[in-house]
1. If you put +1 on each Lys and Arg Cβ and -1 on each Asp and Glu Cβ, how big is the dipole of the chain around its Cα centre, in Debye rounded to 20?
2. Would you mind computing, in nm to one decimal, how far apart the modelled labels at residue 378 and residue 416 are, each placed 7 Å from Cα along Cα→Cβ?
3. Which net charge results when you count Lys and Arg as +1 and Asp and Glu as -1 among the other residues whose beta-carbon is under 10 Å from that of residue 373?
4. Go ahead and run the numbers for FRET between residue 293 and residue 51, Cβ-Cβ distance against an R0 of 60 Å, rounding to 0.05.
5. Between rounded, prolate and oblate, where does region 185-332 land on the alpha carbon gyration tensor, with a ≥ b ≥ c its root eigenvalues, rounded for a/c under 1.5, else prolate if a/b exceeds b/c?
6. Rounded to the nearest 5, what % of DSSP beta bridges with both residues in the chain are antiparallel?
7. Separation between the residue 311 and residue 62 pseudo-spin-labels, each 7 Å from Cα along Cα→Cβ, expressed in nm?
8. State the extension gain, in nm to one decimal, for the chain segment bounded by residue 405 and residue 219, taking 0.36 nm per residue of separation less the distance between their alpha-carbons.
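The values are calculated or read from the model by the stated rules, or taken from the named source; none is laboratory data. What you see is a predicted model; the values in this text were computed from it and never measured. Cβ: placed from backbone, ideal geometry, glycine included. Neighbour counts: every protein chain shown. The area values use the complete protein model at the heavy-atom level, side chains included, leaving out ligands, DNA and RNA. Shrake-Rupley method; radii C 1.70, N 1.55, O 1.52, S 1.80 Å.
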Amino acid sequence: MMKQRERGIHDLFAQDPEKADWEAFGRRANPITRRGFVSGLAAFSALVGANIPFANAVPQGLIPAPQANADSAFRIEGKDGLILLNDRPLNAETPPHLLNDDVTPANRLFIRNYGLPPRDVDVDTWTLIFEGESIGSYKVFTIKQLKERFENISRQLVLECGGNGRAEFDPPVSGNQWTLGAVGCPEWNGIRLKDVLDDVGYKSDAVYLAFYGGDLHMSGDKERVTISRGVPIEKAIDDESMIVWGMNGEDLHPMNGHPLRLVFGGWPGSVSGKWLKRITVRNTVHDGPKMESPSYRVPRTPVAPGSAVADEDMRIIHAMPVKSLITSPKTGVQISVDDTLKVRGHAWAGEFSVDSLKVSIDFGKTWSDATIKPAVNRYAWQHWDHSIKFPTTGYYEVWARAVDDQGNSQPMVLPSWNPKGYLNNACHRIAVYVS
Ligand SMILES: Nc1nc2c(c(=O)[nH]1)N[C@H]1C(S)=C(S)[C@@H](COP(=O)(O)O)O[C@H]1N2
Ligand SMILES: [Mo]
């Protein structure tokens, strides 16, 4: 932990290009055992490329020793260039320069798991149950039925972990030390949750909607639930709250919830239940694992860094705050003083939209407005770009700061410290060497 603090993310990004090497960062800051994930014996065999006499004895998920001991970046099938934060359970984030696509491809979407994803998923027999004390009628749907009975829609919705940016908090807080890359904005393919709720009905006392997924608790105990969170009923019936089976026109990646998940745009990723098996409509605020304080809660009023906060003084996080990323160029870029630097990225603001994106090359002394496009749909991230001509040679930083339509701006420094390290929306910056 201390090591990580000494090499805070801003130091890492802003100083020498060497230190901005993401793979090296993944290795140094997060020594891992590389036991990790490969899905099943077939994948194991493919990696080995030879007959395995004791194939029956290969433990689930074992990574073959040659790969495990190789001094190369950790690889996750179907993911490319992600940085591993934890391998049991699997947690991996995406370096900002690999989030440059307008629509995040599946291989660049972060992974945040609490438990072990289900294996041998059978799309044809997978069912989704609707139940709970405030449900109108108990119903079970197959994925085929969901696809056929309800209007199919596609929406670009930002998915960001509530703990994205946690690594920067001081004093440090425990949990995955996400830096910048626990965020993405794919196009999700599915149906409106609202349409299914209209079909099953819910009572007038309905307050909350909760999910249960098909992942297994790390303890291996099949009765134990890893995470069961939810949203107020008002958010559940938002037009952009979805049950999805696809991402960018393809099946969901196994680590991102295949074959079915929820997506609630603009809210912390933890409400977007993966491997969705069951939805319950509650007559009370849901009380499943990871709903209780301090999980996904922040102090009601600001506290001094490092303070202990009583449970009753915490509130559940709803929409995420305004934020942005510089996705091109990669930090540490070297250019000539005669060149114009094209800078671009994305900005998003929970359930609001982003009004402006400001860029500074003088450590925040002056700012100029970048060009920012409107969102393609509600809760999608917006793309911005800007051209910069540097006045002299030397070391510069490009800082980006988004302002939402309510006038909320990203802070330049770390925002309100909180016990679990949520909602860090401080400005992103990159290093530029002009010669
Ligand atoms: N069933 C289940 N759903 C889950 C989780 C999980 O561990 N199990 N993690 C949550 C958290 S904390 C986040 S940030 C998002 C991450 O989604 P992703 O892994 O597809 O990026 O999924 C959420 N849904
Ligand atoms: Mo999360």
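1. On the way: 48 positive and 52 negative charges, 127 e Å.
The dipole magnitude comes to about 620 debye.
2. Using points 7 Å along Cα→Cβ, the separation is 2.5 nm.
3. Numbers: positive: none; negative: 102, 385.
Here the count lands on -2.
4. Calculated transfer efficiency: 0.65.
5. Numbers: a/c = 1.42, a/b = 1.08, b/c = 1.32.
Rounded.
6. Details: 74 of 81 bridges.
Of the beta bridges lying entirely in the chain, close to 90 percent run antiparallel.
7. If labels sit at residue 311 and residue 62, their model points lie 4.2 nm apart.
8. On the way: separation 186, 0.36 × 186 = 66.96 nm, distance 4.49 nm.
So the chain would gain 62.5 nm between residue 405 and residue 219.
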